[in-house]
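Here is the structure we will look at, set down as structure tokens.
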Amino acid sequence: MRDGEWVADTGAELRGVLKIMVDAGWLPGGVAVVGAGELWEFVAVGRVGVECGEAVTAPDTRYDVAGLTKVMATWPLVGQAVARGLLDLDEPVGRYFPGRYPGGGVTVRQILTHTSRLNPVTWLERYVGTEQPLAEAILSEPLEEPGYRATDRGFVLLGLLLERLHRQPLDRLAADLWRHVGLSATCYGPLPRTPSVAPTERRIPGTTAVWGVVHNESAALMGGVAGHAGVFSTAADLGVFARDLLAWHAGEHGVTPFTAYVRQSWLPHQPVDSRFSRGLAWKVTDDGLVYHHGYTGTSLFLHPATRRYVGLLTNAVHYGRRRRGLGDLRATVRAAFSG
């Protein structure tokens, strides 16, 4: 199938699924970017959220991308540091956080592949009111048994490590990166409560939904800026980001250390199950699909062999954490790449 047909067909499929979800009252709305090479199309269905009245969602509506923060902020910043010789993927993090800790021998590569043995439960509330720096507290926890366990703690730690390396806050480092790439709307919160920002979840009945501030509780405890969550973005920026990453993978920016990092990241490093393996931060399938999800209802899918991509932004938690229909929506995207 030609790229133009694929973009149009995939957009139509996503529009149909999103309309079903909106009509069923499973989410207020959602927006997607579907692209192939230099072609792209936007799909927008429904409203921004209950608090926003009749405002409809659009390619420039900002959504809390949740776990996509890992691959939109932390992962490229790690790659940038590796390319500049500031960071070694296989060096124990104890080199950067001196001291004797159970987690001192964990490497950056292990964190990126979720094989670090760090506690899989983020649970930063336990450190509130203590005097121990967060990085030391995470590294002081006993390690789990060897094996694969998805955990946010590793990316929290990487965010703190990047701040230590550069002696700058993570949000400033990320802003410099996004400006260079051309992501004009991507940022860490807080953001004003306007119809251009999608609210996430109403956690307590009778109150206002989380809106313009990070949905993730642990990132909120860190002031809204963390290595695992906290970023807001738009469908337009997701498309720009996808195009740039695919260009790096193809060597269009030259064969550089960062090119090698992207290519290495999109190889299977750690088998997980029949559906995917872990690359460096990203999930990778046997047929070459690279993707990542965010808890709030977001996803980014890339297919390097065809230069095709899909970015999804929804606030699927708006009516509760069951996030009904989200699995079907993501399955529709995966099916589009296997057709």
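Just so it is clear, none of the values below were taken in a lab; they were calculated from the coordinates. Worth saying up front: this structure is predicted, and the values here are computed from it rather than measured. As a convention, Cβ positions derive from the backbone with ideal geometry for all residues, glycine included, and neighbour counts pool all protein chains shown.
Can you pull out every residue in the stretch 300-322 that is under 24 Å from H215 (Cα atoms) and surrounded by fewer than 20 Cβ atoms within 10 Å (Cβ to Cβ)? If the condition is that a residue be under 24 Å from H215 (Cα atoms) and surrounded by fewer than 20 Cβ atoms within 10 Å (Cβ to Cβ), then Y319, G320, R321, R322 are the ones that fit.
Return the residue satisfying two criteria in turn: it lies in the stretch 291-313 and is without any contact (Cβ under 8 Å) to a residue 60 or more places away in the chain and out of contact with any Gly (no Cβ under 7 Å at 6 or more places or on another chain), and of such residues it is nearest to G30 (Cα to Cα). Steps first, please.
As a first pass, look at the stretch 291-313 and keep what is without any contact (Cβ under 8 Å) to a residue 60 or more places away in the chain: 291, 301, 303-305.
Within this subset, residues satisfying the condition of being out of contact with any Gly (no Cβ under 7 Å at 6 or more places or on another chain) are 291, 301.
On the way: Y291: 18, F301: 16 Å.
Looking at residues that are without any contact (Cβ under 8 Å) to a residue 60 or more places away in the chain and out of contact with any Gly (no Cβ under 7 Å at 6 or more places or on another chain), I get F301.
Tally up the residues in the stretch 124-143 that are surrounded by 14 or more Cβ atoms within 10 Å (Cβ to Cβ) and assigned to a loop (DSSP other than H, G, I, E, B), please. Residues flagged as surrounded by 14 or more Cβ atoms within 10 Å (Cβ to Cβ) and assigned to a loop (DSSP other than H, G, I, E, B) within the stretch 124-143 amount to 2. Kindly indicate the residue of the stretch 153-173 that is under 14 Å from A281 (Cβ atoms) and in contact with a Gly (Cβ under 8 Å, 6 or more places away or on another chain) and also surrounded by the most Cβ atoms within 10 Å (Cβ to Cβ) among those meeting that condition. Checked the stretch 153-173; the qualifying residue surrounded by the most Cβ atoms within 10 Å (Cβ to Cβ) is G159.
Scanning the stretch 44-61 for residues that are out of contact with any Ser or Thr (no Cβ under 9 Å at 6 or more places or on another chain) and of a type in the set (V, I, T) yields V50, V56. Identify, from the list G67, G103, the residue that is small (G, A, S), more than 18 Å from A236 (Cβ to Cβ) and crowded, with 24+ Cβ neighbours inside 10 Å. Sole residue among the options that is small (G, A, S), more than 18 Å from A236 (Cβ to Cβ) and crowded, with 24+ Cβ neighbours inside 10 Å: G103.
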